[in-house]
1. Over 19 Å from the mean Cα position of the chain (by Cα), within 30 Å of M291 (Cα to Cα), crowded, with 17+ Cβ neighbours inside 10 Å and assigned by TED's automatic domain parsing to the domain that holds L59: does that describe F394?
2. Since A143 meets every condition but one in (1) closer than 26 Å to Q182 by Cβ; (2) in contact with an Asp or Glu (Cβ under 9 Å, 6 or more places away or on another chain); (3) part of a loop (DSSP other than H, G, I, E, B), which condition does it not meet?
3. Checking the structure you have, find out if any residue of the range 294-313 is under 29 Å from E363 (Cα atoms) and assigned to a helix (DSSP H, G or I).
4. Only one of (1) buried (at least 24 other Cβ atoms within 10 Å of the Cβ); (2) of a type outside the set (F, W, Y); (3) closer than 23 Å to L419 by Cα fails for L368. Which number is that?
5. Need the failing condition index for S387 against (1) assigned to a loop (DSSP other than H, G, I, E, B); (2) touching a Leu at 6+ places or on another chain (Cβ under 7 Å), just the number.
6. H109 fails exactly one of the following numbered conditions: (1) of a type outside the set (K, R); (2) at pLDDT 50 or above; (3) outside any loop (DSSP other than H, G, I, E, B); (4) under 30 Å from Q131 (Cα atoms). What is the number of that condition?
Amino acid sequence: MPIKTDGLSRRRVLRGVMNGAAVAVSLPLLDVFLDGNGTAMADTGKPLPMRFGTWFWGLGVDSNIFVPKTTGAGFALPKQLEALSAVKEQVNVFTNFNVFNDGRPNLCHYSGWVALRCGSAPVSRGSKPGQSLDCAVSDRIGAGSRFSTLSLAATGQPRDSLSFRDADSMNPADISAVELYQKVFGADFVNPNSANFTPDPKVMIRKSVLSSITEQSKAMEQTLGAADRARLDQYYTSVRELENRLALQLEKPPPAPNCKIPGQKPKDMPVGLDVERVAERHKAMADLLVMALSCNQTKVFNMVYSDSGSSLTRNGQEKTHHSYTHEEPMDATLGYQPNASWFVGRAMESWAYLIKAMADTPEGDGSLLDHSLLYAHSDCNLAKTHSVSGIPMFTAGKLNGRVKTGLHIDGKGEAGTRLGYTLQRLYGVPLASWGTQSMETARELGEMLT
């Protein structure tokens with residue numbers, strides 16, 4: 001039996017006035033908005049809110065021990081996917097999807113991931129032909145949360161962000177659990193389950209100052225060239241995002257029943273790229289990320305496990321993962337590079353950890369993962385040859401029942417943008433097609449859709 005909402009609607013917003021300007025804050029998910037089964041909104045029957053995340057690891061895979069032998073459901077996990085055994089039914093594996101450079105150079109450890117993120121191969125290292133797909137999704141679903149997106153790098157390197165509006169507008173990565181904790185749960189965090197709320201005067205002043213700066217700048221725009229106007233618009237986009245975040249802090253947030261606030265700030269972790277340290281850093285950041293999602297602080301995130309030219313090391317060995325991919329010979333008996341493959345296995349362990357952490361977090365009739373869709377990929381297929389044919393990709397989560405899971409989908413040599421196009425369409429991004437030249441597509445991957 002549907003729960004009565006007493007006039008409340010998921011579309012309702014909290015309205016007010018701040019410094020003469022209207023403020024509208026969308027209400028987050030409350031139990032009163034759910035139907036009797038906890039599967040949809042009681043007043044409209046619409047599904048629960050959606051989250052989106054991306055996850056990245058560098059230097060590809062060994063196809064001989066990564067690609068499942070059969071397609072569809074019920075496939076056996078090859079050696080490099082064994083770490084996913086506990087979450088296999090929550091995951092889809094995508095193989096044999098290609099990146100086409102269309103006459104542009106294959107920029108090692110760069111062309112592949114850029115093309116999968118924005119739909120077109122770059123012309124030079126550092127160029128970005130468009131915005132990354134997470135930004136397009138965030139524009140659709142990010143309203144009403146403090147952070148339109150969170151970008152994280154388990155490498156501990158702030159440059160390791162794969163989220164961007166263009167080459168000049170990268171979303172910087174948070175690089176530690178301590179940094180992430182302070183950003184999300186620090187002084188500006190408002191406990192959604194607290195009975196008391198008093199707006200912070202400092203927040204009111206900051207918002208007022210930002211508004212004043214924005215208004216005063218309009219006349220200056222008329223004196224600028226097109227390039228500077230574009231840069232200024234990007235700056236104002238970040239200012240507006242900050243203003244929206246401050247506006248949310250001026251209203252008491254409704255309760256979030258699944259929000260579990262960290263008991264204490266995480267401990268500082270040693271810097272370095274040893275795999276064990278990276279895995280520990282990733283685990284701590286993933287745990288905080290799950291809390292941030294449950295507390296409605298963000299709906300979109302990006303996580304980098306290792307950068308595209310992975311410099312990860314193994315305890316007791318001098319060579320990096322990158323060095324092994326080029327210098328280690330193929331084992332004639334095994335048919336792959338054993339040391340390079342070891343690093344891939346560790347990456348899959350961290351990928352599985354994030355999936356399970358979200359799957360183990362209750363929400364509504366299911367889990368946080370059930371109401372999310374995660375997209376993971378690398379920068380190449382076989383790192384030894386820098387191949388961008390067959391770049392491995394995954395999804396995880398059912399997105400409120402809209403996505404099938406537990407599948408191996410063979411791309412048969414088609415453009416990898418088909419998956420990115422499908423993901424954006426699932427979130428309502430208004431695309432007739434996505435990508436350019438050989439990467440352009442207007443075809444969804446129907447095999448994964450319910």
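The values are calculated or read from the model by the stated rules, or taken from the named source; none is laboratory data. Because the structure is predicted, anything quoted here is derived from the model rather than measured. With ideal geometry, Cβ positions are generated from the backbone for all residues, glycine too; neighbour counts draw on all protein chains shown.
1. Details: over 19 Å from the mean Cα position of the chain (by Cα): no; within 30 Å of M291 (Cα to Cα): yes; crowded, with 17+ Cβ neighbours inside 10 Å: yes; assigned by TED's automatic domain parsing to the domain that holds L59: yes.
Against the criterion (over 19 Å from the mean Cα position of the chain (by Cα), within 30 Å of M291 (Cα to Cα), crowded, with 17+ Cβ neighbours inside 10 Å and assigned by TED's automatic domain parsing to the domain that holds L59), F394 does not qualify.
2. In the conditions (1) closer than 26 Å to Q182 by Cβ; (2) in contact with an Asp or Glu (Cβ under 9 Å, 6 or more places away or on another chain); (3) part of a loop (DSSP other than H, G, I, E, B), A143 misses (2) alone.
3. Taking the range 294-313 as the starting set, the residues that turn out to be under 29 Å from E363 (Cα atoms) are 294-305.
From what's left, assigned to a helix (DSSP H, G or I): 294.
Checking the range 294-313: at least one residue is under 29 Å from E363 (Cα atoms) and assigned to a helix (DSSP H, G or I).
4. (1)
5. (2)
6. H109 satisfies all of (1) of a type outside the set (K, R); (2) at pLDDT 50 or above; (3) outside any loop (DSSP other than H, G, I, E, B); (4) under 30 Å from Q131 (Cα atoms) except (3).
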